[in-house]
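Rule-based calculations on the coordinates, nothing more; no lab input. If you're wondering where the values come from, they're calculated on a predicted model, not measured in any experiment. FYI the Cβ positions are ideal-geometry reconstructions off the backbone, even for glycines, and counts take in every protein chain you see.
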């Protein structure tokens with residue numbers, strides 16, 4: 001038990017204030033910079049006092065980066081990825097905990113090992129699969145001779161192709177699998193008292209009904225915590241959407257389009273860089289994740305630390 005003393009309370013509050021400053025000062029700088037004129041933001045030192053050009057800069061950023069469509073694309077991708085991760089992780093953890101089958105632990109450790117392989121490491125093979133998702137099936141048919149047999153019988157070459165480039169499917173599917181979510185749900189399911197499982201079996205409750213009526217209601221806070229983390233993860237994706245989309249108008253995301261607002265020699269033409277508009281774009285793009293965190297904060301904390309069932 002930690003002893004409460006004035007000195008310890010003071011030290012604790014100082015640490016908390018330092019952490020608040022580290023997190024808040026950059027956001028305040030973004031807000032301040034997005035409210036300044038082009039002359040004010042390029043005149044050192046940067047001002048910590050907001051200006052009166054916030055709406056002007058927000059409008060300019062919105063129009064130049066076409067953020068209306070891009071924010072909608074980011075919202076679709078982030079919601080689909082977060083929902084898909086929760087669904088797949090909960091089902092995978094349910095199978096690993098409540099079903100006894102050979103190599104069960106081997107499969108779990110293989111899933112867990114993928115934590116060491118982020119998307120950036122497997123970007124090339126993932127792109128190859130997205131370019132033709134049916135290529136592995138085509139290879140199996142070719143090696144087994146079934147495609148040759150089909151061509152001999154029908155006179156038609158069997159070519160299977162499913163291109164996921166420039167599509168919501170391609171943006172979402174490679175990001176859906178999650179070892180983190182599987183580990184989180186597995187650890188939670190293992191804390192469920194065995195008596196509840198035995199009582200459900202005695203009542204004739206099947207696996208899917210047990211998952212729906214017992215585990216999912218008990219897992220709501222865990223789902224909220226995982227949803228918050230994965231929504232922010234998917235919203236901030238830059239490399240994968242940049243690689244898989246060439247139709248930036250139709251499938252570009254908000255984080256990708258921020259690059260169009262960053263001043264460069266080609267965009268400024270040797271003139272004064274408009275960092276105020278770039279910061280206004282950053283302010284717009286980071287608002288949805290902040291709203292999600294604000295709305296889900298209570299459930300997020302409970303999902304990470306709650307131990308009662």
Evaluate the distance, in nm, between pseudo-label points positioned 7 Å from the Cα of residue 220 and of residue 239 along their respective Cα→Cβ axes.
3.8 nm
Among 67, 20, 208, which one shows the highest mean-square fluctuation when the chain is modelled as a Gaussian network with alpha-carbon springs under 10 Å?
20
Between the modelled labels at residue 160 and residue 87 (7 Å from Cα along Cα→Cβ) the distance in nm is 2.2 nm
Counting only C-alpha contacts under 8 Å and six or more residues apart, can you give the relative contact order of the chain as a whole percent?
31 percent
Given that compact globular proteins tend to follow 2.2 N^0.38 Å, what is the ratio of the alpha-carbon Rg of the range 1-135 to that value?
1.74
Sort 66, 195 by Cβ crowding within 10 Å, fewest neighbours at the top.
195, 66
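I'd like the per residue volume of the convex hull spanned by the Cα atoms of the range 149-242, given in cubic angstrom. Walk me through the intermediate numbers first.
Values: hull volume 18.1 nm³, N = 94.
Dividing the Cα hull volume of the range 149-242 by its residue count gives 193 Å³.
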So how do 299, 98 line up by other beta-carbon neighbours within 10 Å, fewest first?
98, 299
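Only counting other Cβ atoms within 10 Å, I'd like 5, 253 sorted with the fewest neighbours first.
Working: 5 9, 253 29.
Listed from fewest to most nearby Cβ atoms, that is 5, 253.
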Over the Cα atoms, compute the radius of gyration (one decimal) and Dmax (the largest Cα-Cα distance, rounded to a whole number) for the range 84-131, in Å.
13.4, 37
Just to be sure I understand: if I project the alpha-carbon convex hull of the range 38-101 onto a plane and average over all orientations, what area do I get in nm²?
8.3 nm²
Cα atoms only, the range 66-260: Rg and Dmax in Å?
20.6, 62
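Could you work out the helix-only [θ] at 222 nm for the chain, with each DSSP H run of four or more residues adding -39,500 (n - 2.57) and the total divided by the number of residues, to the nearest 500 deg cm²/dmol?
Value at 222 nm, helices only: -21000 deg cm²/dmol.
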Could you tell me the relative contact order of the range 15-121? Use alpha-carbon pairs under 8 Å, at least six residues apart, and round to a whole percent.
14 percent
